[in-house]
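Note sheet for the following structure.
The values are calculated or read from the model by the stated rules, or taken from the named source; none is laboratory data. Quick caveat: nothing in here was measured; it's all calculated off a predicted structure. Positions of Cβ are generated from backbone atoms using ideal geometry, with glycine treated the same way; all protein chains shown enter the neighbour counts.
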Amino acid sequence: MFIQLSAAAAPAANANPYGLMEALEQGGVIAWSVFIILVGMSVFSFFILFSKMIEQQKVINQGKKVRATFWRSATLKEGAAKLEKNSAYKQLADDGIAAAEQQNKLHDSIEAHDWVASALARSEAAINSKLNGGLAFLATVGAVSPFIGLFGTVIGIYRALIKIGASGQASIDAVAGPVGEALIMTALGLAVAVPAVLAYNWLQRRNKFIGEHLNDFSANVLGNIVSDGVIRPTTPAATPAAAAPKPAAAKA
């Protein structure tokens, strides 16, 4: 009987009284609120990171296809018809073609170059706005989450000071729990902020890369339209098929 009681008491004696859950239980409603807010921010940050990464990769792959095959078509309409339905490049081509067709219907004398250029600029801005969607949340998380963690830290230090005042002495047992809670809140705030800032900067750099290629394509579409199809960028030459080996000459 004594052996069984000793074995049951051993895990309780070895349990860590200053772990995360213990700190949250000591901190009460405020500690749990800070923890839930930071976890929610972290989850949404990673959701935005992966969703925007997939979206950006789709546009990058579309750009590779456009640079390889689009300008081999005889006309812009033919090239646009070959692109994917929801392609960003197809949107630019279609908007440019539509603007060129609408220019003759205008009552005011507006040059085709200005009208088509403004239409392409609006289309390009809409695409960039969609690509940048959600990045403001990452920037907000990176800026705000350290202060949310700091709020939990201040509350933890405040509770430690109250315990010191109540007990009349700054013993380790009295302050270890609240101080540990305060440090955990600080660490959580930084753990949420750092990935959000890194993700924001990385996604912004990829958006800049995509925007440069969209701008190049838009300029090429504009040049092609105002020149009636004469001006078009050079396309990479198709890889020639490997020549079939010649049969060996028969010996006489």
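Things to note:
- Only residues that are polar (S, T, N, Q) and in contact with a Ser or Thr (Cβ under 9 Å, 6 or more places away or on another chain) were counted in the range 126-165, giving 2.
Each row is one residue, and each column tells you yes or no for (1) at pLDDT below 80; (2) among the β-branched types (Val, Ile, Thr); (3) in a helix (DSSP H, G or I).
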{"residue": "Thr140", "(1), (2), (3)": "no, yes, yes"}
{"residue": "Gly180", "(1), (2), (3)": "yes, no, yes"}
{"residue": "Arg206", "(1), (2), (3)": "no, no, yes"}
{"residue": "Asp216", "(1), (2), (3)": "no, no, yes"}
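- Residue in the range 152-165 that is under 30 Å from Trp32 (Cβ atoms), of a type in the set (D, E, K, R) and either modelled with pLDDT under 75 or surrounded by 17 or more Cβ atoms within 10 Å (Cβ to Cβ) (or both) present: yes
Let's see how each residue does on (1) touching a residue at least 60 places away in the same chain (Cβ under 8 Å); (2) farther than 30 Å from Thr140 by Cβ; (3) out of contact with any helix residue (DSSP H, G or I) (no Cβ under 9 Å at 6 or more places or on another chain); (4) not β-branched (Val, Ile, Thr):
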site	(1), (2), (3), (4)
Trp32	no, no, no, yes
Met41	yes, no, no, yes
Lys52	yes, no, no, yes
Gln62	no, no, no, yes
Lys82	no, yes, no, yes
Asp94	no, yes, no, yes
Gln102	no, yes, no, yes
Trp115	no, yes, no, yes
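- Failed item, numbered, when Tyr18 is tested on (1) at pLDDT below 85; (2) part of a helix (DSSP H, G or I); (3) not polar (S, T, N, Q): (2)
- Gly223 at pLDDT below 80 and either within 36 Å of the chain's Cα centre (by Cα) or not in a loop (DSSP other than H, G, I, E, B) (or both): no
- Filter pass, Ile37 being assigned to a helix (DSSP H, G or I) and buried (at least 16 other Cβ atoms within 10 Å of the Cβ): yes
- Each residue in the range 130-142 was checked for being under 15 Å from Ser87 (Cα atoms) and surrounded by fewer than 18 Cβ atoms within 10 Å (Cβ to Cβ), and 1 of them qualify.
- For the range 186-203, the condition holds for no residue, the condition being that it is at pLDDT 85 or above, over 30 Å from Val43 (Cβ atoms) and surrounded by 16 or more Cβ atoms within 10 Å (Cβ to Cβ).
- Selection within the range 131-149 - over 24 Å from Ala88 (Cα atoms) and out of contact with any Phe, Trp or Tyr (no Cβ under 8 Å at 6 or more places or on another chain): Thr140, Ala143, Val144, Ser145, Pro146, Phe147, Ile148, Gly149
- Test: residue in the range 43-51 that is part of a loop (DSSP other than H, G, I, E, B) and of a type outside the set (A, V, I, L, M): no
- When each of Ala126, Ala68, Ala117, Ala93 is tested for being surrounded by 12 or more Cβ atoms within 10 Å (Cβ to Cβ) and touching a Pro at 6+ places or on another chain (Cβ under 7 Å), the lone residue that passes is Ala68.
- Selection from the range 211-221 of residues that are buried (at least 20 other Cβ atoms within 10 Å of the Cβ) and either of a type in the set (A, V, I, L, M) or free of Cβ contacts under 8 Å to residues at least 60 places away in the same chain (or both): Leu214, Val221
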